[in-house]
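A.B. asks: Questions regarding the structure given below will be posed in turn.
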Amino acid sequence: MVCTHESKQGCEYSGDWKDDLYNGEGQHKYVDFSYKGTFKDGKKHGEGKLVLHRDDDDDDGDAGDHVYEGSFVCDKFEGKGTYTWAAGGGYYCGN
């Protein structure tokens, strides 16, 4: 089943559902992050792109979007993927 859900806290999900959980392809947006990719049992699982929206409240020069694109297992980075930091444009490509 495909549907859209928006919470009072500003969380928005659009995509596949199964047993009241995110399952299949979808997009999850929140104030400080967005994720587009595959879900399993309500968690990021499979291929996807996670964008972390960072401000610079602590003046560490780390403002901007950090991006991870690759494999997830149970909400964690696992397998092949690339992480790109906003500050300095550095990146990590792992397996």
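A.B. asks: With the checklist (1) modelled with pLDDT under 95; (2) on the phi < 0 side of the Ramachandran plot in hand, flag the one item G64 doesn't pass.
C.D. replies: (2)
A.B. asks: Can you pull out the residues in region 35-52 that are of a type outside the set (K, R) and either within 16 Å of Y91 (Cα to Cα) or at pLDDT 95 or above (or both)?
C.D. replies: Matches in region 35-52: Y35, G37, T38, F39, D41, H45, G46, E47, G48, L50, V51, L52.
A.B. asks: On the basis of being at positive phi, touching a Phe, Trp or Tyr at 6+ places or on another chain (Cβ under 7 Å) and at pLDDT below 90, does G10 make the cut? Explain how you work it out, then say what you get.
C.D. replies: Details: at positive phi: yes; touching a Phe, Trp or Tyr at 6+ places or on another chain (Cβ under 7 Å): yes; at pLDDT below 90: yes.
The answer is yes for G10.
A.B. asks: Determine which single condition D59 fails, assuming it passes every other condition in (1) touching an Asp or Glu at 6+ places or on another chain (Cβ under 6 Å); (2) modelled with pLDDT under 90.
C.D. replies: (1)
A.B. asks: Take E25 and tell me if it is surrounded by 12 or more Cβ atoms within 10 Å (Cβ to Cβ), at pLDDT 90 or above and over 12 Å from the mean Cα position of the chain (by Cα).
C.D. replies: Working: surrounded by 12 or more Cβ atoms within 10 Å (Cβ to Cβ): yes; at pLDDT 90 or above: yes; over 12 Å from the mean Cα position of the chain (by Cα): yes.
Answer is yes for this residue.
A.B. asks: Restricting to region 1-47, what's the tally of residues that are assigned to a strand (DSSP E or B) and among the acidic types (D, E)? Working first, answer last.
C.D. replies: Kept after step one, since they are assigned to a strand (DSSP E or B), are these residues of region 1-47: 2-6, 12-18, 21-29, 33-40, 43-47.
Within this subset, residues satisfying the condition of being among the acidic types (D, E) are 6, 12, 16, 25, 47.
So the count comes out to 5.
The values are calculated or read from the model by the stated rules, or taken from the named source; none is laboratory data. The structure displayed is predicted, hence computed values, not measured ones. As a convention, Cβ positions derive from the backbone with ideal geometry for all residues, glycine included, and neighbour counts pool all protein chains shown.
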